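The structure under discussion appears below in the form of structure tokens.
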Amino acid sequence: MLSILNQAAANTMPQKYKEMSEEELKGRAAAIKEKLGRKLFILGHHYQKDEVIQFADATGDSLQLAQVAAKQKDAEFIVFCGVHFMAETADILAETHQKVILPDMRAGCSMADMANINQTERAWEKLQQIFGDTMLPLTYVNSTAEIKAFVGRNGGATVTSSNAKKMVEWAFAQKELLFFLPDQHLGRNTAYDIGIPLEQMAVWDPIAEKLEFEGNVKDVKVILWKGHCSVHENFTVANVQDVRKQHPDMNIIVHPECRREVVGLSDYAGSTKYIIDKITEAPAGSKWAIGTEMNLVKRLINQHSDKEIISLNPHMCPCLTMNRIDLPHLVWALESVDQGKVINQITVPQQIAAEAVQALQRMF
Ligand code: 13P
Ligand code: SF4
């Protein structure tokens, strides 16, 4: 199988799309959507740029998009405007006649890349030597299909930031210990929320292949993979303190991929959908500092001019890989579909898909 980078090199967008005006690109995208009708379905994650989102048939956070993707049985082509792991999930849930397309193969996720299957298998073996058969693995959907398959075959499930609390509670109903991949912050924030003290959480370092824990391992309840989101880690305690000082009447709301200290000092924390709902329902005149991805924060600022909204980090944090998907790449992907030569198709091998789907189904 080609690596993502090799596939990207083999599938570089022709120069002509870079040279087209925005009007021309918009016209082309609209025309192909009209022509292909129900054969085509475009999904857009909330972190995508507006120029892309305007053509999405459905928008949502990771959970909503996975649910919508699973229901699209008519569409022959699912164009996923998001990142690689999301398109993989859509392919795992798709029927065999459906093709899932990622407009730019370079749209990966640095967090998902922090846990590869070899590291995970080795960690599991070493952790079993310490903890025996007491652990249940859960993986954030922001992980590769291979990690989802590992979790599926070991009795675990996927989680998203929208359902992490329920899933962690479910995990503890099955086993004594939780092994949470690959985002240590979502794992820590969620476990803390259900009452597990920080002193009972260990961290697995996949590079040093070592368990980081001070104390007696008998007390460990949660093992967190040492991964993080490079966007949400950019929100700091200093950012919170600055906002509190400069805007004492401002509400601070953050995504649970932020560090525990930041979540702890904020007024509200929740998934992308939670943040959108909270801002939408907030009264006119209310003030908000938001700790999440830049495209979404900008969109909320534009949609809610009756509220004062800023980014928690004044040097806004874009997700660079999400931003790889732009209008030229979308039009390139759509035209390829129209011309019968699909580019950038995401295909998860059958064996991996069969195990990964178990993890996804336990979540659904
Ligand atoms: P959610 O869409 O689950 O909130 O996750 C945020 C994210 O980082 C997606 O990559
Ligand atoms: Fe990955 Fe973070 Fe970007 Fe989401 S925002 S795709 S978790 S790097």
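The values are calculated or read from the model by the stated rules, or taken from the named source; none is laboratory data. Keep in mind that this is a model prediction, so the values were computed, not measured. Please note: Cβ atoms are built from the backbone with ideal geometry, for glycine as well, and neighbour counts cover all protein chains shown. For the accessible areas, the whole protein counts, side chains as well, though only heavy atoms, and no ligand, DNA or RNA atoms are used. Shrake-Rupley method; radii C 1.70, N 1.55, O 1.52, S 1.80 Å.
Some points to look at:
- For the range 49-118, convex hull volume per residue from C-alpha positions, Å³: 106 Å³
- Entries in 49/226; 165/278; 99/341; 33/99 that, when Cα-Cα distance is taken, lie over 21 Å: 49/226
- Residue (of 162, 289, 228) at the positive-pole extreme of the chain, dipole from beta-carbon charges: 162
- Residue 210 long-range amide H proximity, modeled H, under 5 Å: 205
- In plain terms, the chain from residue 338 to residue 298 could stretch by 11.2 nm, reckoned as 0.36 nm per residue minus the Cα-Cα distance.
- Scattering profile of the range 136-279 at q = 0.10, 0.15 Å⁻¹ [log10 I(q)/I(0), Debye over alpha-carbon scatterers]: -0.35, -0.76
- Accessible solvent surface per residue of the range 81-189, calculated while the other protein chains remain in place, 1.4 angstrom probe, Å²: 32 Å²
- Label separation (residue 354 vs residue 193): 3.5 nm, computed from points 7 Å beyond Cα along the C-beta direction.
- In the chain, the alpha-carbon atoms span a convex hull of 143 Å³ per residue.
- Difference of contour (0.36 nm per residue) and Cα-Cα distance, residue 73 to residue 261: 63.4 nm
- Taking all pairs of distinct alpha-carbon atoms in the range 127-182, Kirkwood radius in angstrom: 11.2 Å
- Derived scalar couplings between HN and Hα for the range 58-74 equal 8, 10, x, 8, 4, 5, 4, 5, 5, 5, 5, 4, 5, 8, 7, 7, 7 Hz in order, rounded to whole Hz, by the Karplus curve 6.51 cos²θ - 1.76 cosθ + 1.60 (θ = phi - 60°), x for Gly and Pro.
- Between residue 205 and residue 308, the modelled labels are 4.4 nm apart [label points 7 Å from Cα along Cα→Cβ].
- Gyration tensor analysis over the Cα atoms of the range 95-209 returns equivalent ellipsoid semi-axes of 25, 17, 15 Å (largest first, whole Å).
- For the range 261-269, the Karplus equation 6.51 cos²θ - 1.76 cosθ + 1.60, evaluated at θ = phi - 60°, returns couplings of 4, 5, 4, x, 8, 7, 7, 9, 9 Hz by residue, with Gly and Pro reported as x.
- Value at 222 nm in deg cm²/dmol, rounded to 500, when DSSP H runs of n ≥ 4 in the chain each add -39,500 (n - 2.57): -12500 deg cm²/dmol
- For the range 248-364, convex hull volume per residue from C-alpha positions, Å³: 173 Å³
- Here the translational diffusion coefficient of the range 202-255 follows from Stokes-Einstein with Rh set to the Kirkwood radius across Cα pairs; for 4 °C and 1.567 mPa s it amounts to 92 µm²/s.
- Modelled label reach - residue 96, point 7 Å along Cα→Cβ, the range 323-356 residues with backbone N closer than 14 Å: 350-351, 354
- Carbon and sulfur %, accessible surface of the range 173-287 computed with the full protein complex present, 1.4 Å: 47 percent
- Computed Kirkwood radius, in angstrom, where 1/r is averaged over Cα pairs of the range 310-361: 14.6 Å
- For residue 179, the amide hydrogen comes within under 5 Å of the amide hydrogens of 136, 138, 223, counting only partners 5 or more places away or on other chains and with H modelled in the peptide plane.
- The range 38-151 - percent of accessible surface contributed by carbon and sulfur, probe 1.4 Å: 45 percent
- The fraction of Cα-Cα pairs per 5 angstrom bin, counted from 0 for the range 25-167, comes to 2, 9, 17, 20, 18, 12, 8, 6, 4, 2, 1, 0 percent, rounded to whole percents.
- Within the range 38-137, the trypsin sites (Lys or Arg not before Pro) that combine a DSSP coil assignment with at most 16 other C-beta atoms in a 10 angstrom radius are 73.
- Bridge orientation summary for the chain: considering DSSP beta bridges with both residues in this region, about 10 percent are antiparallel.
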